[in-house]
Amino acid sequence: MSTEPLTPLDPAYVPVLRISLLMFGGLIAAGAAVIEVLRFLPMGLVILPVLAALAYIIWFVPARRYRRWGYDNSNGRLRIVQGYLFYSDTIVPFGRIQHIDVDQGPIERQYGLATLSVHTAGNHNDTVSLPGLRHTDALELREMIRAHIQSHRG
Amino acid sequence: MTEAAPLEAAEQLVAGKKLHPLGLLVGCVKGLPGLIFPILALTFGTRSASGDYNFILILLAVLLISLGFRWVSWLRFSYYLGPDDIRIESGWIDRNARSIPYDRIQDIGIEEEPLARILGLATVRFDTGGGSGDDDASLSYVTAQEAQALRETIRERKSGSADPAGATAEDAPQLDNAAPLFAMDNRRLLTFGLYSFSLIIVAILGGAAQQLDFLLPFDLWDVKAWIGLVEDRGVSIETFDLSARITVGVVAIIGLLILGVASGILATYLREYGFRLDRTPKGFRRRRGLLTKTDIAMPVGQIQAAIISTGPLRKRGGWHGLKFVSLAQESDKETDFVAAPFASMEEIAVILSETTIKQAGEGLDFERSPVGPWLDRWIVIAALVAVAIAGLWFALNIFAWWLLSIPAGLAAVLRFQWQRDMHAIDAEQLYARHGWWREQLDLARQINVQSVTISQGPIGRMRGLARLEFGLAGGYLAFRHLPIEQAKLISDTVMELVTPVDFSQLNVRP
């Protein structure tokens, strides 16, 4: 039911998000620096706003996104809610899950986190991902879903 | 190394079948357009001192090299029909051994391109239904008989001992004499072609003229030369008065119209010639095509949703198209199975009655979307137009009154779009209607829903509206604009129905 309480992600996901944004921001800052060097516009007109925007995003956005992320795995379904400005609420019944992946990117591995990816038979939404889980929690969730599917397979 | 030896010996025991050698020629010719640039480059590059072009020699050389490569690949390609799966082995450096279990093969599609058909060959496609863009295996080219035999064998082995009668009945020759469920005769094709007016050929010719005009002996774009030509014949520019210019303009437009109609008819004929949809014990079988013949099956149990579409003119004539959404992919361009591209609603009703999907009943309560989203779009565009007009007025002192036609026209379009956007839900199915130019009605059974997503953008959030998207195997069905509370309610209702039923009980794959 959509009224069940949502479990939040692991708090360690915030630094993981921050680091990914930092890397991406670095690329953008590099691009802005190139434009600066080429002197297309008056000095500082490009690089300062870009740096200010990046600083704001990298400082504030990860925590905000973390607060808006939650999941629930009761009632035989996986429900993932995320976002505020761009809100989405996805439900996948266990009985529709084809296979489950638990992946760890390099940054996630450093913090002991993992991403659970659930695949259905559909084209749209055929992969639904839940990041920011403790690695052990992700594996447990996977086993729980597997057991559920096993017991219900006709 | 020693472990590999017994395995290799076992592999050698089962001799795989090779593709037909003539297929090399077909592949070569088919691949020629792709080699046009190297051929041209070599031709120009190897110009002899006296300016001769060795075009023929280069063409032959390139053909021979291409043939050589294909022959080498052909040597290493073999397929084998095992008891449970089909094995395909290929490659010299990159050895590839693929095994496709019969269970995973939805069906065999047989495709006959014109050149292949002349030589009695066909392409066999294995539909594994892994979703769009999957690297499905295919055998090109085998003889047409082999293709049919393969299809029969695989069907037999799929159903195994469970339903031997069903397997052979699937494509028994007597079924060919049975009346098709739906067919398009030449008159229908002509009508279809007329409705498929297409100016694409004009765009292609224009583009070709622009790119290749260096090949022509005269300059295509030199207007003065055209006038000069005319003057030679005693007509001078002064006599080109208004009436003459109008006549020329009208003639040009009529020429374009004729060209559009002709290209539409031609494209339709080539694609849909001999269209027939037959009902088989397991589902449907569809054959069509003039140059490239295709023969595809669609089991009823794998149909996830139906899409009935029409256009502004077609609707007036009562013509609609019917497609099925499933995991099987028809070709690179068309992901849905085309059951009846141009038919009357009665014919479509007949086809639908053979599936598990029900038509939208008369008493069905369709709910319209709120006006909000369309109003927002209009406001944004109108604001931009206002800014543009103001800018032009202050900067250049022009009052671009004609820009006002944009919001006016847009209002009409958006109103149409809003009018046609509605959704409905009954005990078993979901219905979504949308589109103002290309109108579309999506029908799906709730039990086939794989996942549900409720999403909201910032503007939707302001208005309290959300988008409700039901993921299906091979597509989706969406209620595009509805209050978020209602979206949550519908999502819960559908999930209540769907959750207890496990995927294995659905017939998504055979």
Based on the alpha carbon coordinates of region A:32-88, what radius of gyration and maximum Cα-Cα distance (Dmax) apply, in Å?
19.1, 60
Go through region A:72-154 and name the chymotrypsin sites (Phe, Trp or Tyr not before Pro) that are in a DSSP coil and have 16 or fewer other Cβ atoms within 10 Å of their Cβ.
A:Y84, A:F86
In chain A, once you exclude exposed trypsin sites (Lys or Arg not before Pro) (DSSP loop, at most 11 other Cβ within 10 angstrom), what's the longest stretch remaining?
A:40-152
Within the set of other residues whose C-beta is less than 14 Å from the C-beta of B:L384, count the net charge using Lys and Arg as +1 and Asp and Glu as -1.
0
Relative contact order (percent, whole number), region A:55-124, Cα cutoff 8 Å, 6+ residue spacing:
20
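Ignore the peptide's own chain and count Cβ atoms of other chains within 10 Å of each Cβ in B:443-454; give me the average, rounded. If you can, show how the numbers build up before the last one.
On the way: counts 0, 0, 0, 0, 0, 3, 5, 13, 16, 9, 9, 7.
Partner-chain Cβ atoms within 10 Å, mean over residues of B:443-454: 5.
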Percent carbon-and-sulfur accessible area, region A:5-140, ignoring ligands, DNA and RNA, probe 1.4 Å:
66
If I take every Cα pair under 8 Å that is 6 or more residues apart in chain A, average their sequence separation and divide by the length, what percent do I get for the relative contact order?
21
Just the number, please: buried accessible area between B and A, total of both chains, 1.4 angstrom probe, nearest 100 square angstrom.
2700
Name the residues whose placed amide hydrogens come within less than 5 Å of the amide hydrogen of A:T7, ignoring near sequence neighbours (fewer than 5 apart) on the same chain.
A:Y71, A:D72
Where in region B:435-507 are there chymotrypsin sites (Phe, Trp or Tyr not before Pro) that are in a DSSP coil and have at most 10 other Cβ atoms within 10 angstrom of their Cβ?
B:W437
Output ³J(HN,Hα) for region A:92-99: one whole-Hz value per residue in order, computed from phi by the Karplus curve 6.51 cos²θ - 1.76 cosθ + 1.60 with θ = phi - 60°, and x for Gly and Pro.
10, x, 4, x, 9, 7, 7, 8
For region A:17-93 and region B:384-428, write down the distance between their C-alpha centroids in whole Å.
33
Karplus couplings for region B:457-462 from phi (6.51 cos²θ - 1.76 cosθ + 1.60, θ = phi - 60°), rounded to Hz, Gly and Pro as x?
x, x, 5, x, 4, 4
List the residues, sorted by chain then number, that are 5 or more residues from B:G474 or on another chain and whose placed amide H is less than 5 Å from its amide H.
A:N123, A:H124
What pairs from B:K282/B:K488; B:K30/B:K158; B:K293/B:K323 go past 28 Å between their alpha carbons?
B:K282/B:K488; B:K30/B:K158
Please give me the summed charge of the neighbours of A:V14: other residues whose Cβ is under 13 Å from its Cβ, Lys and Arg +1, Asp and Glu -1.
+3
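If DNA, RNA and ligands are ignored and the probe is 1.4 Å, what is the ranking of A:F24, B:F126 by accessible area, most exposed first?
Accessible-area ranking of A:F24, B:F126, largest first: A:F24, B:F126.
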Charge tally in the Cβ shell below 11 Å around B:A466, where Lys, Arg are +1 and Asp, Glu are -1, B:A466 excluded:
+2
Cα convex hull volume per residue for region A:1-117, in Å³, equals 134
Using all alpha carbons of region B:261-405, what is the percent of pairwise distances in each 10 Å bin, ordered from the shortest bin to the longest?
9, 27, 23, 15, 14, 9, 2, 0
Per-residue [θ]222 nm for chain A (sum of -39500 (n - 2.57) over DSSP H runs n ≥ 4, rounded to 500)
-15500 deg cm²/dmol
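The values are calculated or read from the model by the stated rules, or taken from the named source; none is laboratory data. Given the structure is predicted, the values throughout are model-derived calculations rather than measurements. Ideal geometry is used to build each Cβ from the backbone, glycine not excepted, and the neighbour counts take in all protein chains shown. What goes into the accessible areas is simple: the full protein's heavy atoms, side chains included, and nothing from ligands, DNA or RNA. Shrake-Rupley method; radii C 1.70, N 1.55, O 1.52, S 1.80 Å.
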